[in-house]
């Protein structure tokens, strides 16, 4: 019996959900390109694509470094490209993107705390 598709539970986890699985797959593909110039060109093209696709990117138009930082986060900081900005520090970026924990719902409002 042939399987038609694959379940999301069997796929690798999406690192930044606001960009989606297809952008994550493109980042993983860019990591496999052996030529640094071609990798840089593809990363720049991906940033331009993200600007058009993701609603988060419309807010970040005045801060293009954020999208490059997100690209490094999706690549697990294992991306060697000629970045127009300085290469981000892993500990600072991941600390600033701390997750929120929803403790309880009360009158329709979520009480959240950082963890």
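Among 66-74, 38-46, 7-15, how do they line up from the highest to the lowest mean number of other beta-carbon atoms within 10 Å? Don't jump to the answer; show the numbers that get you there.
Numbers: 66-74: 21.0, 38-46: 16.9, 7-15: 9.8.
Result, highest mean Cβ count within 10 Å first: 66-74, 38-46, 7-15.
If each residue of separation counts as 0.36 nm, what is the full-extension length gain between residue 28 and residue 47 once their alpha-carbon separation is subtracted?
Numbers: separation 19, 0.36 × 19 = 6.84 nm, distance 1.41 nm.
That pair, residue 28 and residue 47, stretches by 5.4 nm at full extension.
Just so you know, all these numbers are worked out from the coordinates, no wet-lab data involved. Predicted, not measured: the structure shown is a model, and the values here were computed from it. So basically every Cβ, Gly included, is an ideal-geometry build from the backbone, and we count neighbours across all protein chains shown.
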